[in-house]
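Accompanying notes for the structure given below.
The values are calculated or read from the model by the stated rules, or taken from the named source; none is laboratory data. From a predicted model like this one, the values you see are computed outputs, not experimental measurements. Note: ideal-geometry Cβ built from the backbone for every residue, glycine included; neighbour counts use all protein chains shown.
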Amino acid sequence: MSTQEAGKRAVGEAAAQRVTSGMKVGLGTGSTAAYLIKALGRRVREEGLDIIGTPTSFAAERLARAEGIPLVTLDAIERLDIAFDGADEIDPGLNLIKGRGGAHTREKIVESLADPFIVIADSTKLVDQLGTTAPVPVEVLPMALGPVTRRLEKLGARPVLRMAKSKDGPVVSDQGFWIVDAYFDGGISDAQALNEALLHTPGVLDHGLFLGMAKRGLIGNPDGSVQEVVPR
Ligand code: 5RP
């Protein structure tokens with residue numbers, strides 16, 4: 001196992017220990033969140049941990065079902081007691097870029113309903129400025145690809161339509177939309193302005209900037225230790 005993978009596993013398993021019976025838990029997407037879901041599943045089976053999960057993607061849903069975690073949709077509940085999810089970048093204010101797995105739209109909905117939302121990640125995800133190592137994924141209505149791409153260029157991005165690996169053509173999200181990865185060479189100078197601009201672009205469903213949403217972070221180090229961080 002790589003040191004990065006060790007950090008992911010350590011933080012996923014540490015996060016699962018923060019959950020207590022009776023909680024409604026938002027279940028994130030990605031390899032770090034998968035460690036959390038597997039550890040929660042073990043606690044459900046072995047300790048009788050009594051929780052209900054709300055998944056952030058088909059992938060998280062399938063894994064949670066396989067692990068025996070009871071699930072509920074957002075039609076049935078108003079708030080979540082806690083949510084955990086990974087990130088592609090985390091800045092010192094715990095602002096995030098998410099969506100390498102293309103799940104950012106559902107992740108944002110679920111995590112906006114959780115108090116607290118805790119980001120879980122290995123230490124390679126920490127950055128000084130958002131956009132320096134990861135693009136911002138933008139979920140786009142297919143017929144709006146042209147106008148959204150041109151708008152992204154005007155906002156200073158280098159937009160790249162995300163292509164599928166085991167299928168010809170673009171990645172299709174859980175919503176049936178396409179994903180454009182917006183690269184900002186040199187980083188994003190004003191993430192709040194970019195957030196506003198993207199949300200006001202017709203044809204954009206949502207994007208991977210999560211600003212001010214994570215109240216705490218758990219960071220897994222290569223040696224398997226985990227540290228808790230708060231926004232600076
Ligand atoms: C999926 C996400 C993931 O949480 C993010 O990409 C981190 O993934 P990983 O834990 O596999 O590094 O936002 O849409």
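Given the conditions (1) within 16 Å of the ligand (Cβ to nearest atom); (2) under 28 Å from ARG232 (Cβ atoms); (3) of a type outside the set (Gly, Ala, Ser); (4) crowded, with 16+ Cβ neighbours inside 10 Å, which single one is not true for VAL140?
With (1) within 16 Å of the ligand (Cβ to nearest atom); (2) under 28 Å from ARG232 (Cβ atoms); (3) of a type outside the set (Gly, Ala, Ser); (4) crowded, with 16+ Cβ neighbours inside 10 Å applied to VAL140, the lone miss is (2).
Going through the stretch 81-118 one residue at a time, which ones are within 12 Å of the ligand (Cβ to nearest atom) and in contact with a Leu (Cβ under 6 Å, 6 or more places away or on another chain)?
Hits for the stretch 81-118 are PHE84, ALA87, GLU89, ILE90, ILE97, THR105.
Could you grab the pairs with beta carbons closer than 9 Å, sequence gap of 6+ or different chains, first residue in the stretch 100-124 and within 14 Å of ILE77 (Cα to Cα), second one acidic (Asp, Glu)?
Sorted first by the residue in the stretch 100-124, then by its partner, the pairs are ILE109/ASP206; VAL110/ASP85; GLU111/ASP85; LEU113/GLU78; ALA114/ASP81; ASP115/ASP81.
Among (1) in contact with a Ser or Thr (Cβ under 9 Å, 6 or more places away or on another chain); (2) assigned by TED's automatic domain parsing to the domain that holds GLY217, where does PHE117 come up short?
(1)
Is one or more of the residues making up the stretch 23-34 away from the ligand (no atom under 15 Å from the Cβ), out of contact with any Gly (no Cβ under 6 Å at 6 or more places or on another chain) and not aliphatic (A, V, I, L, M)? Break it down stepwise before answering.
Let us first name the residues in the stretch 23-34 that are away from the ligand (no atom under 15 Å from the Cβ), namely 23-25.
Then drop every residue that is not out of contact with any Gly (no Cβ under 6 Å at 6 or more places or on another chain), which leaves 23-24.
Retained after the next criterion (residues that are not aliphatic (A, V, I, L, M)): 24.
The answer is yes, given that some residue of the stretch 23-34 is away from the ligand (no atom under 15 Å from the Cβ), out of contact with any Gly (no Cβ under 6 Å at 6 or more places or on another chain) and not aliphatic (A, V, I, L, M).
If the Cβ limit is 9 Å and pairs must be 6+ apart or interchain, which residue in the stretch 140-155 that is within 10 Å of PRO202 (Cα to Cα) and in the same structural domain as GLY186 (by TED's automatic domain parsing) pairs with which residue that is of a type in the set (S, T, N, Q) and at pLDDT below 95?
Filtered contacts from the stretch 140-155: no entries.
With the structure loaded, tell me whether ASP128 is touching a residue at least 12 places away in the same chain (Cβ under 8 Å) and within 25 Å of ARG162 (Cα to Cα) or whether it fails that test.
Values: touching a residue at least 12 places away in the same chain (Cβ under 8 Å): yes; within 25 Å of ARG162 (Cα to Cα): no.
Criteria not met by ASP128.
Quick one: is THR32 in a helix (DSSP H, G or I), in contact (Cβ under 8 Å) with a residue 12 or more places away in the chain and crowded, with 24+ Cβ neighbours inside 10 Å? Write out each step before concluding.
Details: in a helix (DSSP H, G or I): yes; in contact (Cβ under 8 Å) with a residue 12 or more places away in the chain: yes; crowded, with 24+ Cβ neighbours inside 10 Å: yes.
Judged against the criteria, THR32 is a match.
Being closer than 14 Å to GLU67 by Cα, under 21 Å from the mean Cα position of the chain (by Cα) and touching a residue at least 40 places away in the same chain (Cβ under 8 Å): is that true of LEU27 here?
Judged against the criteria, LEU27 is a match.
Within the stretch 102-122, is even one residue closer than 26 Å to ASP223 by Cα, part of a loop (DSSP other than H, G, I, E, B) and under 20 Å from the mean Cα position of the chain (by Cα)? Before you say what the answer is, go through the steps one by one.
Quick first cut of the stretch 102-122, residues closer than 26 Å to ASP223 by Cα only: 117-122.
Filter once more, so that each one left must be part of a loop (DSSP other than H, G, I, E, B): none.
No; the residues of the stretch 102-122 include none that is closer than 26 Å to ASP223 by Cα, part of a loop (DSSP other than H, G, I, E, B) and under 20 Å from the mean Cα position of the chain (by Cα).
Take the conditions part of a loop (DSSP other than H, G, I, E, B), out of contact with any Ser or Thr (no Cβ under 9 Å at 6 or more places or on another chain), among the polar types (S, T, N, Q) and surrounded by 15 or more Cβ atoms within 10 Å (Cβ to Cβ) and apply them to THR149. Does it pass? Give the derivation first.
On the way: part of a loop (DSSP other than H, G, I, E, B): no; out of contact with any Ser or Thr (no Cβ under 9 Å at 6 or more places or on another chain): yes; among the polar types (S, T, N, Q): yes; surrounded by 15 or more Cβ atoms within 10 Å (Cβ to Cβ): yes.
No, not satisfied.
Looking at VAL44, VAL72, which one is surrounded by fewer than 23 Cβ atoms within 10 Å (Cβ to Cβ) and farther than 22 Å from LYS8 by Cβ? Working first, answer last.
Values: VAL44 fails: farther than 22 Å from LYS8 by Cβ.
Only one candidate qualifies: VAL72.
Residues that are within 24 Å of SER112 (Cβ to Cβ), within 18 Å of the chain's Cα centre (by Cα) and in contact (Cβ under 8 Å) with a residue 40 or more places away in the chain: does the stretch 165-173 have at least one?
There is at least one residue in the stretch 165-173 that is within 24 Å of SER112 (Cβ to Cβ), within 18 Å of the chain's Cα centre (by Cα) and in contact (Cβ under 8 Å) with a residue 40 or more places away in the chain.
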